[in-house]
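So the structure is just underneath, and the comments pick up after that.
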Amino acid sequence: MPLVEHLRELRNRLAKGMLAITVVTVAAVFYSQQLMTFLADPVPRCTEGLGESTGGACAVIAYTDLLSPFTTTVKVCLLAGIVLASPVWLYQLWAFVAPGLHKHERKYTYWFVAAAVPLFLGGAWLAYTIMPISMRVLLGITPDGSANILPMDKILDFIVRMILIFGGAFELPLLLVMLNFAGAVTGRRMIGWWRGVVMGVFVFGAVATPTTDPIGMIALAGPIVVLYFIAVGVALLNDRRRRRADPDAELDDDEASHLDLTPEPIDGIEPVSASPALPQQASGAVDGTPSNRYDDVT
């Protein structure tokens, strides 16, 4: 296709994806109250009023300005539209890219997408599950006699950040498997990295989680370490399969393959009849000139 046709197809694909997001966002407006309740559930709410403060045991959800209820509702509905319409716009992007891939590349892409979706959803579910514990830990720092008033838009930003961090972090082992299938890294090399990877994952968990509490760090780093060793096992199995199909598959382009230079035994010598001599050679004359020299035939 010419470049203009590619751009026109990209425009149509993006338009279909944006239309799906818009439709789902408008539909989510009718369920905005349920969505707001679902997002605010991890917050331990105070049953008493603000007059009797219980310190860090609970919090009160509030809107801090006049436009805050409207803007927060728009954010929640837009977020629901992007998430729920993801099968449509992801398919549109895939339909634009797929014609440029080979058959085996498309096959690997199907497997990686099939693994990436449950990994991201698992990370998001874990983030939402540990969020009440993390919030209680953070709210517990509040001294007695003080009250926690949490703006709803800040809670939304906090929850979205936690879900994206946990969901994205769960994709890191899958990235290593992709690099292994591409031949960029071997399973044996990944095993040699395990000490640094475990240390780096816990440091990443401490820095990336917005809660800054050890529970969130361990909840994020622990599953990633387990997934890393699962990725190592998959890489080792793939390396074994690759070596079985091609013993030189793991060699670099400028690395010599192993050659067996051991001499083999020679069987019996087969007699070979000599070629008939030319008349000049038989008479010992070349170009009519007598010669006493011997040639190969002689």
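The values are calculated or read from the model by the stated rules, or taken from the named source; none is laboratory data. Computed from a predicted structure; not experimentally measured. A quick note on method: Cβ atoms are made from the backbone with ideal geometry, for glycine too, and the neighbour counts reach across all protein chains shown. SASA here: full protein model, heavy atoms, side chains in, ligands and nucleic acids out. Shrake-Rupley method; radii C 1.70, N 1.55, O 1.52, S 1.80 Å.
Worth a mention:
- Looking only at residues in the stretch 77-124 that are among the basic types (Lys, Arg) and surrounded by fewer than 13 Cβ atoms within 10 Å (Cβ to Cβ), the one that is nearest to TYR228 (Cα to Cα) is LYS107.
- Selection within the stretch 177-205 - at pLDDT below 80 and hydrophobic (A, V, I, L, M, F, W, C): ALA182, ALA184
- Flag if PHE70 is at pLDDT 90 or above, open to solvent by 90 Å² or more (accessible area, probe 1.4 Å), farther than 30 Å from ILE133 by Cβ and over 32 Å from the mean Cα position of the chain (by Cα): no
- Checked against (1) open to solvent by 60 Å² or more (accessible area, probe 1.4 Å); (2) under 19 Å from ALA231 (Cβ atoms); (3) aliphatic (A, V, I, L, M), LEU176 passes all but a single condition, namely (1).
- Selection count where residues are free of Cβ contacts under 8 Å to residues at least 40 places away in the same chain and either closer than 17 Å to VAL83 by Cβ or within 26 Å of the chain's Cα centre (by Cα) (or both), scope the stretch 7-25: 1
- Within the stretch 26-61, tally of residues that are more than 40 Å from the chain's Cα centre (by Cα) and either in a loop (DSSP other than H, G, I, E, B) or modelled with pLDDT of 85 or more (or both): 9
- Which listed residue, of ILE191, ILE155, ILE159, ILE165, is among the β-branched types (Val, Ile, Thr), open to solvent by 40 Å² or more (accessible area, probe 1.4 Å) and assigned to a helix (DSSP H, G or I): ILE191
- Filter result for LEU150 (within 19 Å of ALA127 (Cβ to Cβ) and not in a helix (DSSP H, G or I)): yes
- Residue within the stretch 213-229 that is modelled with pLDDT under 85, open to solvent by 30 Å² or more (accessible area, probe 1.4 Å) and within 15 Å of the chain's Cα centre (by Cα) present: no
- Members of the stretch 179-188 found to be touching a residue at least 12 places away in the same chain (Cβ under 8 Å) and surrounded by 14 or more Cβ atoms within 10 Å (Cβ to Cβ), listed by number: ASN180, PHE181, VAL185, THR186, GLY187
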